[in-house]
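No lab work stands behind these numbers, since they all come straight from the coordinates. As the structure is a prediction and not an experimental result, all values here were calculated from the model. Cβ placement follows ideal geometry from the backbone for every residue including glycine, while neighbour counts extend to all protein chains displayed.
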Amino acid sequence: MKKILFITAHRKDRAPNQRFRFEQYLSYLAANGFECTVSPLIVSAEEDKRFYSSGNLFGKLTLGVNLGLRRLRDVLRANSFDVIFIAREAFIAGSVFFEKRLAKSKAKIIFDFDDAIWMDVISGNNQKFSWLKDGSKTGKIISLANLVFAGNEYLANYARKFNANVLIVPTTIDTELYKPNYNANKQKVTIGWSGSVSTIEHFQYAIPALEAIKKKYGNRIEISVIGDGNFRVDELGIIGKPWKMETELEDLHQIDIGIMPLPDNEWTWGKCGLKGLQYMALEIPTVMSAVGVNNQIINDGVNGFLANETDEWIIKISKLIDDVDLRIALGKAGRKTVVEEYSVQSLQNSYLKYFNSLLDS
């Protein structure tokens, strides 16, 4: 049996970039001759809290030592694997020390990324540690890999500067898990956004349009924000919900219109459309900013809507509020797109082939 070591930042089911890019394929790989081992850097909720909260310098330094020891263990056992799959980076710092040593092993290296991570974006609570980060290391890691999985064409173009062996592997949804339960007959229409504390700033780009929508429709609509339990906009009646793995699908099922607002910049060009794909998989009609890969996912007016300016957001959300048949039609077309082009089921054979072809080369 062939063996894969997955080098990750977080434990399983913790991070979207892991859940929707490789964790969904672990059972399929295992059923087709691969023994999969996942090696997270941060292994518990307690360590998560220590790393991402403010203060506690000594606790963070102690944790950093433990993280380094975990990666050293991976280096020492690297020769026992056929493939080492690095999700974004091996260590949460600017050094490529561990990647260089993993690349010297007998294993073939796959590097996977789904964001413009060569741009330095630092968590607010860890600004004191910004000197440890170095986005330019992304290119160095790419140059060490035998194969690169890039989430979209923009990311692939960046990767090709450092490595000729680059494949576009989209972020995908397990459509056997994400099954529609759309209720078009609710008295109130819920406009919903799903994300995280780190991406809540993107939701705020929609607030001017939502203010106009609220003024126009009043109590006919409500607005749901999933991902930040501390987020509030009183005039819109928004009380944010924290993201929870166990209630994720239930929370999404409450949404009648899913929105994915984004600014138009180099960071968002690297996004892979996950929020929109989640809505679409559940037959939730979706409105996305016409930014980056969203332009490939959405055929405007066919399987969802694209919007740029505030007026366009208002017009398109209004159409969906007013026309239940349009909501149903776009929702069904959206799911069809995900099933055919952005689902685990549509990609799994190719995903397996990529690993086998790498080992055969």
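Tell me the label-point distance for the pair MET245, LEU57, using the 7 Å Cα-to-Cβ offset, in nm and rounded to one decimal.
3.4
Please figure out what share of the DSSP beta bridges in the range 189-341 is antiparallel and state it in percent, rounded to the nearest 5.
Numbers: 2 of 18 bridges.
Once the DSSP bridges in the range 189-341 are tallied, antiparallel ones form about 10 percent.
R0 = 56 Å: FRET efficiency of ASN183 with ASN79, Cβ-based, nearest 0.05?
0.55
Under a point-charge model restricted to the Cβ atoms of Lys and Arg (+1) and Asp and Glu (-1), what is the dipole moment magnitude of the range 167-267 relative to its Cα centre, in debye to the nearest 20? All intermediate terms of the calculation are to be shown ahead of the outcome.
Details: 10 positive and 15 negative charges, 111 e Å.
In debye, rounded to 20, the range 167-267 gives about 540.
Sequence neighbours fewer than 8 away in the same chain don't count; with that in mind, list the lysines whose C-alpha is under 29 Å from LYS3.
LYS12, LYS100, LYS104, LYS106, LYS108, LYS137, LYS140, LYS353
Taking other Cβ within 10 Å of each residue's Cβ, how do TRP269, TRP313, TRP193 sort, fewest first?
Ordered from fewest to most neighbouring Cβ atoms within 10 Å, TRP269, TRP313, TRP193 come out as TRP269, TRP313, TRP193.
Run the quick spin-label model on ASP325 and ASN295: label points 7 Å from Cα toward the beta carbon, then report their separation in nm to one decimal.
According to this spin-label approximation, the distance is 3.3 nm.
Residues of the range 5-41 with amide nitrogen under 14 Å from the 7 Å Cα-to-Cβ point of GLN345?
None, by backbone N distance to the label point.
For the chain, set up a Gaussian network in which alpha carbons nearer than 10 Å are linked by springs, and say which option among GLY135, GLY55, GLY304 fluctuates the most.
Per the Cα network of the chain with a 10 Å cutoff, GLY55 tops the list.
Taking the chain as the reference, fit the longest principal axis to its C-alpha atoms, fit the long axis of helix 207-217 to the helix C-alpha atoms, and give the angle between the two in degrees, 0 to 90, nearest 10.
The angle comes out at about 30 degrees.
Hey, got the Cα dimensions of the chain along the principal axes, in Å, largest first?
Rounded to whole Å, the extents work out to 62, 46, 36 Å.
Nearest 20 debye, what's the magnitude of the dipole of the range 189-341 about its Cα centre given +1 on Lys and Arg Cβ and -1 on Asp and Glu Cβ?
Around 200 debye, computed over the range 189-341.
On a 0 to 90 degree scale, rounded to 10, what angle separates helix 310-322 from the longest Cα axis of the chain?
70
Just to check I understand the Karplus step: with θ = phi - 60° and J = 6.51 cos²θ - 1.76 cosθ + 1.60, what whole-Hz values come out for the range 8-25, glycine and proline as x?
Result, rounded to whole Hz: 10, 7, 10, 5, 4, 6, 9, 10, x, 5, 7, 4, 9, 10, 9, 4, 5, 9.
Helix 344-360: angle to the longest alpha-carbon principal axis of the chain, degrees 0 to 90, nearest 10?
Here the helix axis deviates by roughly 20 degrees.
Based on the mean of other beta carbon atoms within 10 Å per residue, what is the order of 26-33, 209-216, 284-291, 110-117, most packed first? Please report the intermediate quantities before stating the final value.
On the way: 26-33: 14.1, 209-216: 18.2, 284-291: 25.2, 110-117: 23.2.
Going by the mean number of other Cβ atoms within 10 Å, highest first, we get 284-291, 110-117, 209-216, 26-33.
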